[in-house]
Amino acid sequence: MNLRRLMFDMMLAWENPGAEEGLLKNNSTSCNPVEIEDEDEGSIFYANSTSLAVQVNDMKTVGLSAFTRIAPSCPIIADLVTVHNLFDALTCSSGGRLHYFVYDKYLKSLDRVFRSIKGVMQSSLASSFNLDAGECIVAIDGDKPIHPVLQHIGISAWPGTLILTTHALYFQSIRVGYGDKIVKYDLATDSNQVIKRDFTGPLGVRLFDKAVMYKSSTLTEPIYFDFPELGSPSRRNYWLAITREVMQVNRFIRKFNLEDIQRAEALSKAVLGILRYSAVKEAFHIAPSHFKTTLTFSLAEKLPKGDMVLEALYNNYFQLLDTSLSHLATEPAVDKAPQTHSVPFSLYALSRMGFNLLKRKNETGKEISFCAVCVGVTKSLEAALQESFLYSERIEAARATVDQVKVEGLDANVALMQEILFSFIHAGKLIYSLTKWEDPLKSFLFLAFILYVIQSGLVSYTVPSVFIVFAVVMLWHKYSEEGKLLEVLEVRPPPAKNPVEQILILQEAISKLEDTLQAVNIVLLKFRALLFAAVPKATEIVAVALLVAAAVVVLMPPKHLLLMAVLEVYTREMPLRKQHTEKFRRRIKEWWARIPAAPVQMIRPKEDKKKI
């Protein structure tokens, strides 16, 4: 209790360094009479909001800067990577200010979580799993009948106990007549592991969104763990989050080849993050997600530029552990010039709590006792985190705009796309009208311009010119309309249709798609017939035409080929050529219609009917 009060007073002193000592004492003591002794599993966020607001306004509270500076000094309470998200979780109902009784409730919940996990590790249940040296249990579920866990493999499902450790998932199934069978799913090896939310149900039917799916290259088929419960899938989401955290920390260990102390410290950080995540969930009934998670390695994976955060964490923390320990192990402990070393604080904190993550027992205290405290090794990590948080804020703001502009319905999305591409559609229609020679003068002038561009060799500058035009337009809007809000794009939605009309439109669209696929397949089958000389005379004509085309492409310069192609395509509808063009198209269609399609036979697999 005194340590909790002391750390909170340190935060108050950090936030108000110029405050008088007597005022600070009065504010500290005034918090004690209103402490909420909430020993049950309820959440203070479901208490009277008016009372909470009065308490927060009347008492001294702590802000973000003080909490992020003081709390990470104790690795059990907070971590430097996730301390901002932890503060947001603790203050989501108090306007961004942390009151002492919220802070105290979080620490009490954290203490209960530690005692619960320690009790599980010391129980006979843990000994039955035969954990490896340095392997630590971080979560257990299914050990109570009121909260079962079901393992689905194919159409069969078995209840049992699910345990998550720093290395693997263990499931102890309960089968009548078969005894208790323990299956291990290794999370520490690189076996293309995937875990995600999924649906399960009786006999393999996908009905309930309450499960996680796990698969790897070592399994013949995916495994489903079902967490049946009423209401939202909070248990499933919790297990999905912490299992991904264990997978991420082991991926971090493999990426940077961490060994011994480094490996144990990384696992310790992940374990402490999971326990803090559990404490917040149990005390306040909230589970932050995405950029707001309080799991260290999962957050680094989700954040933009999270790879830089992990590299900074390794270069400025884990890499220094090996340097300091090897240096101090070979040289005597005498007074030397101060050097940059880092201390495995997370490993030391867990070892004092009775958790041993080193493969060699009785080594933690001896190793850490020779470490020197490092000052300033977190500056690079803080800079990487600050840059990543700035990017995440921009991404969240952009994502909010994306969610606002999403429209439902096929017709509405088509109307929106037409409005966005209106200029390009209008330009395409204008060029198409010129190719129809509806206005001969304009069509002739446009043709002369195209031929001049091709003949003078300006075609190679077409794409760069388009890029330059777009760049100039962007810069002009940037500097000429700086500070102005973007105009809202107004779209006229199509008339609303009832469900029957929508079904008919969908049916018509599917029918058109089927007709298109049939036409494409017929074209491919006719080409197959020509390729294998099913019609010898037609095949001979096509082969000769291809040889002539190949000779023309090889012998004629590309500029002249382009001129011929433009003249051919652009002048088809010219009054002088229109009649000949229609006649030529008719002859081609008649010739194509005489070519048969290659034969096709659909072979269905034989189904062996077995009598059950």
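The values are calculated or read from the model by the stated rules, or taken from the named source; none is laboratory data. In this text, all values refer to a predicted model and were calculated from it rather than measured experimentally. FYI the Cβ positions are ideal-geometry reconstructions off the backbone, even for glycines, and counts take in every protein chain you see. What goes into the accessible areas is simple: the full protein's heavy atoms, side chains included, and nothing from ligands, DNA or RNA. Shrake-Rupley method; radii C 1.70, N 1.55, O 1.52, S 1.80 Å.
Some observations on this one:
- Of all accessible heavy-atom area on the range 198-263, the percent that carbon and sulfur account for (1.4 Å): 57 percent
- Taking 37 °C and 0.692 mPa s as conditions, the range 528-593 diffuses translationally at an estimated 233 µm²/s according to Stokes-Einstein applied to its Kirkwood radius (Cα pairs).
- The shape of the range 369-490 can be summarised by an equivalent ellipsoid whose semi-axes, obtained from the alpha carbon gyration tensor, come to 51, 24, 14 Å from longest to shortest.
- Shown for the range 121-166: the carbon plus sulfur share of the solvent-accessible area, taken with all protein chains present and a 1.4 angstrom probe, equals 59%.
- At 1.002 mPa s and 20 °C, Stokes D of the range 446-505 from Kirkwood alpha-carbon radius, µm² per second: 129 µm²/s
- Its Cα gyration tensor gives the range 149-211 an equivalent ellipsoid. The semi-axes, each the square root of 5 times an eigenvalue, are 21, 18, 9 Å from largest down.
- Per-residue Karplus couplings for the range 242-252, computed as 6.51 cos²θ - 1.76 cosθ + 1.60 with θ equal to phi - 60°, are listed in order as 6, 5, 5, 5, 5, 5, 5, 5, 5, 5, 5 Hz, Gly and Pro entered as x.
- Taking 0.36 nm per residue of separation and subtracting the current Cα-Cα distance, fully stretching the chain between residue 353 and residue 452 would add 27.4 nm.
- The convex hull drawn around the Cα atoms of the range 478-597, when projected onto a plane and averaged over every direction, covers 16.5 nm².
- Residues in the range 512-535 that a label on residue 600 would reach, taking backbone N under 13 Å of a point 7 Å out along Cα→Cβ: 514-529
- Between the beta carbons of residue 174 and residue 259, assuming R0 = 30 Å, the FRET efficiency works out to 0.20 to the nearest 0.05.
- Exposure ranking of 479, 570 by accessible area [1.4 Å probe, largest first]: 479, 570
- Among the protein heavy atoms, those of residue 477 account for about 80 Å² of accessible surface (1.4 Å probe, every chain in place).
- Cα-based convex hull, the range 67-139, per residue volume (Å³, whole number): 108 Å³
- Placing 540, 15, 265 in order of accessible area, with the largest value first and a 1.4 Å probe, yields 540, 15, 265.
- Between residue 532 and residue 108, the modelled label-to-label distance comes to 8.1 nm, taking each label 7 Å out from Cα in the direction of the beta carbon.
- The range 475-515 - accessible surface per residue (Å², probe 1.4 Å): 104 Å²
- The largest-to-smallest principal axis extents of the Cα set in the range 148-288 are 45, 38, 26 Å.
- Take the range 148-285 with all the other protein chains still there, run a 1.4 Å probe, and you get 42 Å² of accessible area per residue.
- Area of residue 69 that stays accessible when all protein chains are in place (1.4 Å probe, Å², to 10): 120 Å²
- Surface calculation, 1.4 Å probe, protein heavy atoms: residue 221 sits at approximately 80 Å² accessible.
- Residues of the range 370-461: accessible area per residue with a 1.4 Å probe, Å²: 74 Å²
- For the range 400-522, the share of accessible area belonging to carbon and sulfur comes to 69 percent (1.4 Å probe, ligands and nucleic acids excluded).
- Charge tally in the Cβ shell below 14 Å around residue 599, where Lys, Arg are +1 and Asp, Glu are -1, residue 599 excluded: +2
- If R0 is 41 Å, the Cβ-Cβ spacing of residue 319 and residue 197 corresponds to a FRET efficiency of close to 0.70.
- Listed residues 190, 209 arranged by accessible area, highest first, probe 1.4 Å: 190, 209
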